1. When Gln399 is evaluated against the numbered criteria (1) within 16 Å of the ligand (Cβ to nearest atom); (2) out of contact with any helix residue (DSSP H, G or I) (no Cβ under 8 Å at 6 or more places or on another chain), which criterion, by number, is the only one it fails?
2. Could you tell me whether any residue of the stretch 21-28 is modelled with pLDDT under 95, within 39 Å of the chain's Cα centre (by Cα) and not assigned by TED's automatic domain parsing to the domain that holds Ile128?
3. Is it true that some residue in the stretch 301-312 is under 25 Å from Asp181 (Cβ atoms) and surrounded by fewer than 16 Cβ atoms within 10 Å (Cβ to Cβ)?
4. Step by step: first the residues of the stretch 365-387, then only those that are within 16 Å of Leu102 (Cβ to Cβ) and either among the small types (Gly, Ala, Ser) or not assigned by TED's automatic domain parsing to the domain that holds Leu264 (or both), then the one that is farthest from the ligand (Cβ to nearest atom). Which residue is that?
5. Being out of contact with any strand residue (DSSP E or B) (no Cβ under 7 Å at 6 or more places or on another chain) and assigned by TED's automatic domain parsing to the domain that holds Phe236 is the requirement here; does Gly315 meet it?
6. Only one of (1) assigned by TED's automatic domain parsing to the domain that holds Val24; (2) surrounded by fewer than 16 Cβ atoms within 10 Å (Cβ to Cβ); (3) aliphatic (A, V, I, L, M) is not met by Met61, so which one is it?
7. So, in the stretch 345-376, how many residues would count as being closer than 14 Å to Lys327 by Cα and either crowded, with 24+ Cβ neighbours inside 10 Å or under 17 Å from the mean Cα position of the chain (by Cα) (or both)?
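The values are calculated or read from the model by the stated rules, or taken from the named source; none is laboratory data. Computed from a prediction, not measured in an experiment: that's the story for all the values here. For neighbour counting, all protein chains shown are included, and Cβ atoms are generated from backbone atoms with ideal geometry for every residue, glycine included.
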Amino acid sequence: MVEIIQVNISGDDKPGLTAALMGVLARYDAFVLDIGQSNIHKSLVLGILFKTTTEQSGFIMKDLLFEASRLGVQIRFTPIERDQYDAWVARQGRNRYIVTLLGREVTASEIAEVSSIITAHGLNIDAIKRLTGRMPLDNPGGKSCIELSIRGQLTQDGRLAFQRELMSRSGSGLDISFQKDDIYRRSRRLICFDMDSTLIGTECIDELAERHGVGEQVKAITASAMRGEIDFKESFRRRVALLEGLSEDVMEEIAHTLPYNEGLERMMRILKMVGYKTAILSGGFTYFGNYLKMKFGFDYVYANELEIVDGKLTGRYLGEVVDGARKAELLRLLCQVENIHLEQAVAVGDGANDLPMLGLAGLGIAYHAKPKVKATADQNLSTIGLDGILYFLGLKDSQIDP
Ligand SMILES: [Mg+2]
């Protein structure tokens, strides 16, 4: 008769421990159905699920017990019923999620709160992993990231409620991302960025207006558009019209002094290193997008083209305005060009005009975003720089900066 036995071993880690215990199973030709091991701070947890016969099982357990006692570790046996095992097999790969916590420091109370939300929704934490490097005690301006693998059944409504609760907890020093842990999560390929106030810490149109003496008028229109109060196209037309007569040289000066947001260089270096395609989808201007493309190696730039005649802006633009709907459309097109599923795309932005693309991409990240965007987006990054996106993609410091 077939017998399934679960073995749990815990204790101080020693060299050769796994080899010695597995050696016992090997002697009896037991069949390993599952095995998992982790070693945290020199403390080992090893779980084995094996299949044997009723005749052999007693001998195996006796020998394992002897071996464990010799090694000074605790061992526990649990017989598993056939039905229990079959049900476990059937649940494979289903209902797995990833919750990522990110901040300058992640506090015990923040982890406690997030864990409570997880428990309240009937979910269970399977594993916890630190993605940032080991933390020196004096760590001003550092960053800390913890990834929780969770499992459990969520209805469509339950998932939405869970997401909302996590998002309401994020902010004030803590960023949270919640993703389904599926094949797409492991194979993101394309990242589309908004430009102004996402990649760079300014709105280019405000800079241009400032230099043209129409700063206040343009700023007021920009702010109102980003809050979603007026239509983006209309606000764009009005703002560009105010720039009539501005010299082209001013554009170049501004491009050379653009303030890059924290982590941009590190993020782009790593994304390119591991083969991500990167795009700028901007309601700003191609001039600055192309400058960033040249500087950091973005693969695509889609933005608005200002009309220039005799070295001066005419106050008009060429072609179709890149607004929120157009950004989403471009993201969809780039997925087709790159021959990938929408779920493999990531979108990052801060403004109301980024919401359509954030909603369409497999992973939509609100970056240091306006309140309306934060409230609507599924993932939020506000505490640290752009390289925080690398953790949401599941990359670890120990791999990024070995
Ligand atoms: Mg923006």
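1. That leaves (1) as the condition not met.
2. Yes, there is a match, as at least one residue in the stretch 21-28 is modelled with pLDDT under 95, within 39 Å of the chain's Cα centre (by Cα) and not assigned by TED's automatic domain parsing to the domain that holds Ile128.
3. no
4. The residue in question is Gly385.
5. Criteria met by Gly315.
6. Among (1) assigned by TED's automatic domain parsing to the domain that holds Val24; (2) surrounded by fewer than 16 Cβ atoms within 10 Å (Cβ to Cβ); (3) aliphatic (A, V, I, L, M), Met61 violates only (2).
7. Within the stretch 345-376, residues that are closer than 14 Å to Lys327 by Cα and either crowded, with 24+ Cβ neighbours inside 10 Å or under 17 Å from the mean Cα position of the chain (by Cα) (or both) number 16.
Conditions (1) of a type outside the set (Gly, Ala, Ser); (2) buried (at least 21 other Cβ atoms within 10 Å of the Cβ), marked per residue:
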site	(1), (2)
Lys180	yes, no
Ser197	no, yes
Val218	yes, yes
Ala223	no, no
Arg239	yes, yes
Glu248	yes, no
